[in-house]
Amino acid sequence: MEILIMAGQLILGLSILVGLHEWGHMAAAKMFGMRVEKYFIGFPPKIFSFQKGETEYGIGAIPLGGFVKISGMIDESMDTEAMSQEPQPWEFRSKPAWQRLIVMLGGIIVNVIVGIIIFIAIAYHDGKKFLSIDEVNKYGIVAGELAQELGLKTGDKVIRVNGKPFNDYNDLISSDVFLGSNSSYTVLRNGQEVQIEIPNNFIEKLSDPDEKRNFILPLEPFKIGELIPGMPAEAAGLQPGDKVVSINGKPIQFFHELQAQLETLAGKATTLVVQRGAEQKTLNVKVSDEGTLGFYPETLLHFTTVNYTFGEAVAIGTENAFGVVYNNIKGFGKIFRGEVSASKALSGPIGIARMFGGVWDWGRFWSLTGLLSMVLAFMNALPIPALDGGHAVILSYEIISGRKPSDKFLENAQKVGMVLLLGLMAFAIFNDVWKAVF
């Protein structure tokens, strides 16, 4: 079921973004009187379509992209027969270069606008909810396996990031830390300040979403939240609001301590002592084979919430949207400098689906969809033949020089671009499978 939910979110998110991207091309083309023959979300084989005016609208069976076919344009269809005929007034190739440039940039522009709108809406609707570092440092952090490799220890209190004081716990895993150079944490350990250096290629190790999620966590006192029906916690009589005191006689204060104990007791009967109001209750419970009891923890740490006015949300949402592009540029910089390998940094459909997760969370869905909209705009703007950016470079050359490249050159450039893109897609999918299996 989790795999289906991941796939469903990926397909819905991509369908929205690709549909809007291709609509951007189509709207610009029709605005300048170009004939749009086809508008499809998804690639062939065709599932269904309908004709409206001069355009066929349809859905393809492969939900990893989409396309518009504009008359007189050399595209992935490679319709060289049509291109060998005399240009018609309604064709792409008959229009001025500046109009063709706007058509090629239409999809990128729409994706940027959509990404900004999503980030603004999230900022206005949700505000900013975060754990202050002062709240986290009441107890310190839980150092995951990778954090321990760096030299961090459970119980450390992080007081500076890159030599600077900070307030938001999320700054511990921000792009400034992992996409920057010579990053560091300063922690307080047993009353002593300790400097933890972060290697420039450390982000490679965080390419797995689970590794990043468990890299650093707050030491978290908790109580029982919502119970999952049919699971051991409900059968044993646990109630929302209970606080776990001990398991098999071992004291429990923080959630990670309970998790660690449950992993060793998977499938076994155990004794749980909980604080319920003014009294303690002893419960007998059989831990599931997965090492869980079946409840959602409710943290006892206090979150800070900041609400934004619409004007503030516009500024913050726009900044967050373009921050995605900036982070992509920094990420590519690390790859080109050899600090990070492409196999660790790049993800394909499987990797993106894992980011959505196996639980349908609309907040996370729209956040990732906004992020993907900006990434899609950035990737399409790259000056690679067959991408919008490649077409834009050629059209810019035509506008500046006044000379139009031959159709033969454009056909060959499209072929080279398609080979590059198909190779990159094959690499990304193979890389996803390799990381998932190994």
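The values are calculated or read from the model by the stated rules, or taken from the named source; none is laboratory data. Note that the coordinates shown come from a computational prediction; the quantities given were computed from them, not determined experimentally. Virtual Cβ from ideal backbone geometry, glycine too; neighbours counted across all protein chains shown. In case anyone asks, the SASA skips ligands and DNA or RNA and just uses the protein heavy atoms, side chains included. Shrake-Rupley method; radii C 1.70, N 1.55, O 1.52, S 1.80 Å.
Matching residues to (1) touching a residue at least 12 places away in the same chain (Cβ under 8 Å); (2) within 24 Å of Phe303 (Cβ to Cβ):
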{"residue": "Gly155", "(1), (2)": "yes, yes"}
{"residue": "Asn162", "(1), (2)": "yes, no"}
{"residue": "Tyr185", "(1), (2)": "yes, yes"}
{"residue": "Gln192", "(1), (2)": "no, no"}
{"residue": "Lys205", "(1), (2)": "yes, no"}
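Pick out the one residue from Lys243, Lys205, Lys212, Lys250 that is open to solvent by 50 Å² or more (accessible area, probe 1.4 Å) and touching a strand residue (DSSP E or B) at 6+ places or on another chain (Cβ under 6 Å).
On the way: Lys205 fails: touching a strand residue (DSSP E or B) at 6+ places or on another chain (Cβ under 6 Å); Lys212 fails: touching a strand residue (DSSP E or B) at 6+ places or on another chain (Cβ under 6 Å); Lys250 fails: touching a strand residue (DSSP E or B) at 6+ places or on another chain (Cβ under 6 Å).
Within the list Lys243, Lys205, Lys212, Lys250, the selection yields Lys243.
Inside the stretch 1-17, can you point out the residues that are open to solvent by 20 Å² or more (accessible area, probe 1.4 Å) and in a helix (DSSP H, G or I)?
Keep residues of the stretch 1-17 that are open to solvent by 20 Å² or more (accessible area, probe 1.4 Å), which gives 1-8, 11-12, 14-16.
Answer for the stretch 1-17, where residues must be open to solvent by 20 Å² or more (accessible area, probe 1.4 Å) and in a helix (DSSP H, G or I): Glu2, Ile3, Leu4, Ile5, Met6, Ala7, Gly8, Ile11, Leu12, Leu14, Ser15, Ile16.
Given the structure, is Ala269 farther than 23 Å from Asn167 by Cβ, open to solvent by 40 Å² or more (accessible area, probe 1.4 Å) and without any contact (Cβ under 8 Å) to a residue 60 or more places away in the chain? Give the derivation first.
Values: farther than 23 Å from Asn167 by Cβ: yes; open to solvent by 40 Å² or more (accessible area, probe 1.4 Å): yes; without any contact (Cβ under 8 Å) to a residue 60 or more places away in the chain: yes.
Yes, satisfied.
Specify which of the listed residues (Ile133, Ile108, Ile117) is within 28 Å of Leu371 (Cβ to Cβ), at pLDDT below 95 and among the β-branched types (Val, Ile, Thr).
Details: Ile108 fails: at pLDDT below 95; Ile117 fails: at pLDDT below 95.
Residue meeting the stated conditions: Ile133.
Spot the failing condition for Phe222; the list is (1) open to solvent by 40 Å² or more (accessible area, probe 1.4 Å); (2) touching a strand residue (DSSP E or B) at 6+ places or on another chain (Cβ under 7 Å), and only one is missed.
Among (1) open to solvent by 40 Å² or more (accessible area, probe 1.4 Å); (2) touching a strand residue (DSSP E or B) at 6+ places or on another chain (Cβ under 7 Å), the lone unmet condition for Phe222 is (1).
List the pairs whose first member sits in the stretch 311-330 and is open to solvent by 40 Å² or more (accessible area, probe 1.4 Å), whose second member is not in a helix (DSSP H, G or I), and whose Cβ atoms are under 7 Å apart, counting only residues at least 6 apart or on separate chains?
Correct list of pairs: Ile316/Tyr308; Asn327/Leu179.
Among all residue pairs at least 6 apart or on different chains, which show Cβ distances below 8 Å where the first residue, located in the stretch 165-177, is at negative phi and the second is of a type in the set (S, T, N, Q) and open to solvent by less than 30 Å² (accessible area, probe 1.4 Å)?
Asn167/Ser132; Asp168/Ser132; Tyr169/Ser132; Asp176/Ser183; Val177/Ser183
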